[in-house]
Amino acid sequence: MCNLYNQTTAVEAMRGLFRGLDNRAGNIETGDVYPDRTAPIITREDEGHVLRSARWGLPSPPQFHSKSGIDRGVTNVRNTGSPHWRRWLGPDNRCLVPLERFAEPRPGKGAGNAWFIVTVDRPAFFAGIWVPEWTSIRKLKDGETTDGLFAFPTCEPNGVVAPIHPKAMPVILTETAELEAWLCQPWPEAKALQRSLPDDLLELVEEV
């Protein structure tokens with residue numbers, strides 16, 4: 001599953017796509033993003049779109065917490081039909097996560113990562129789920145913290161990803177209408193977007 005991606009979309013580019021964007025994230029860093037790191041996401045409020053910073057990893061089901069209460073988070077949501085996730089599938093808990101490329105582990109121990117780059121000439125986004133103001137213990141040394149958390153649903157892999165990772169790939173959106181539908185539509189309509197990206201919009205690259 002995807003546990004590493006790269007984000008290079010500048011705030012100005014996102015402002016051009018989402019008019020009136022309210023930047024509550026400040027200056028955002030570009031580069032590689034790993035689980036439990038903070039990264040930019042875009043949500044929708046009544047007054048418009050909001051750029052935020054959130055921590056990668058949604059709350060885990062309680063049975064997966066450690067004995068000391070640590071919850072390291074879930075980075076990929078495979079089964080959106082699970083009762084644990086259903087409470088967060090409405091528009092208020094959906095977000096967009098900008099990306100340029102993402103990695104999947106190559107088969108075999110020590111084989112490294114395969115990187116997939118999105119080839120569209122406009123910003124691309126993971127279809128994301130986010131939970132604001134969640135209190136948990138992410139690291140024992142930090143104790144309880146309250147964070148905005150996010151992750152993204154997965155779907156069947158397309159023909160580019162399947163040879164590397166045959167089980168799943170992240171849901172990626174590139175069309176303006178798809179972005180708005182993911183943020184605004186009721187779940188029965190938005191669920192239709194939980195599908196693989198067309199093969200011609202994704203390229204496997206050996207080095208990045």
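The values are calculated or read from the model by the stated rules, or taken from the named source; none is laboratory data. Since the structure is predicted, the reported quantities are computational estimates derived from the model, not experimental observations. So basically every Cβ, Gly included, is an ideal-geometry build from the backbone, and we count neighbours across all protein chains shown. Side chains included, ligands, DNA and RNA excluded: accessible areas come from the protein's heavy atoms. Shrake-Rupley method; radii C 1.70, N 1.55, O 1.52, S 1.80 Å.
Tabulated data
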| read-out | value |
| --- | --- |
| The range 163-208, subset small (Gly, Ala, Ser) and within 30 Å of ASP46 (Cβ to Cβ), residue surrounded by the fewest Cβ atoms within 10 Å (Cβ to Cβ) | ALA177 |
| Close pairs (6 angstrom Cβ cut-off, 6 or more residues apart or separate chains): within 19 Å of PRO170 (Cβ to Cβ) in the range 1-30, among the aliphatic types (A, V, I, L, M) and not in a loop (DSSP other than H, G, I, E, B) anywhere | LEU4/ALA103; TYR5/VAL33; TYR5/LEU99; GLN7/VAL33; GLN7/LEU99 |
| Of residues in the range 74-111 being of a type in the set (Gly, Ala, Ser) and under 24 Å from PRO61 (Cα atoms), the one surrounded by the most Cβ atoms within 10 Å (Cβ to Cβ) | GLY90 |
| Hits in the range 32-73 (condition: among the hydrophobic types (A, V, I, L, M, F, W, C) and either open to solvent by 50 Å² or more (accessible area, probe 1.4 Å) or modelled with pLDDT under 95 (or both)) | PHE64, ILE70 |
| Per-region count, the range 192-201, residues assigned to a loop (DSSP other than H, G, I, E, B) and out of contact with any strand residue (DSSP E or B) (no Cβ under 8 Å at 6 or more places or on another chain) | 1 |
| Among (1) free of Cβ contacts under 8 Å to residues at least 60 places away in the same chain; (2) of a type in the set (Gly, Ala, Ser); (3) surrounded by 12 or more Cβ atoms within 10 Å (Cβ to Cβ) - the single one ALA114 does not satisfy | (1) |
| Test: residue in the range 38-58 that is of a type in the set (Phe, Trp, Tyr) and in contact (Cβ under 8 Å) with a residue 40 or more places away in the chain | yes |
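Quick grid of which residues meet (1) at pLDDT below 95; (2) under 15 Å from ARG94 (Cβ atoms):
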position	(1), (2)
LYS141	yes, no
THR145	yes, no
VAL160	no, no
GLN194	no, yes
PRO198	no, no
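This table checks each residue for (1) touching a His at 6+ places or on another chain (Cβ under 8 Å); (2) outside any strand (DSSP E or B); (3) farther than 21 Å from THR38 by Cβ.
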| position | (1), (2), (3) |
| --- | --- |
| TRP134 | no, no, no |
| VAL160 | no, yes, yes |
| PRO163 | no, yes, yes |
| LYS167 | no, yes, yes |
| GLU178 | no, yes, yes |
| ALA190 | no, yes, yes |
| GLU203 | no, no, yes |
